[in-house]
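The values are calculated or read from the model by the stated rules, or taken from the named source; none is laboratory data. Not measured: the values here are computed from a predicted model. Cβ atoms come from the backbone with ideal geometry, glycine included; neighbour counts cover every protein chain shown.
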Amino acid sequence: MSERTRAHVFVSGRVQGVFFRATTRERAAEHGVDGWVKNLDDGRVEAVFEGPEEAVEAMIAFCQEGSPQASVEDVETEYEEPTGLDGFEIRY
């Protein structure tokens with residue numbers, strides 16, 4: 001079993017109003033990743049991914065592309081200690 005890891009991600013570019021959060025939630029379900037995603041007032045998207053290291057890395061890679069309508073300019077990633085999140089949600 002792979003070790004669980006946690007990544008806190010900030011995505012900038014044209015990432016709001018382009019189904020970024022919904023697509024992120026779908027991808028998280030496909031990869032078995034727990035966490036959340038939300039829009040920030042400054043136009044970025046913030047997300048936390050928790051799960052097996054390979055799955056979390058796949059989510060970070062997804063964020064660098066984004067949804068089909070998105071135009072990602074930058075992805076900042078900080079690794080943190082997992083807190084035991086369960087499920088994946090869009091936060092408002």
Condition check: small (Gly, Ala, Ser), buried (at least 23 other Cβ atoms within 10 Å of the Cβ) and touching a Gly at 6+ places or on another chain (Cβ under 8 Å). Does residue 13 satisfy that?
no
The one condition residue 61 fails out of (1) of a type in the set (A, V, I, L, M); (2) crowded, with 18+ Cβ neighbours inside 10 Å; (3) without any contact (Cβ under 8 Å) to a residue 24 or more places away in the chain is (2)
Pick from 51, 43: which is surrounded by fewer than 18 Cβ atoms within 10 Å (Cβ to Cβ), among the small types (Gly, Ala, Ser) and modelled with pLDDT of 95 or more?
43
Unmet criterion (only one of (1) surrounded by fewer than 16 Cβ atoms within 10 Å (Cβ to Cβ); (2) in contact with a strand residue (DSSP E or B) (Cβ under 7 Å, 6 or more places away or on another chain)) for residue 85
(1)
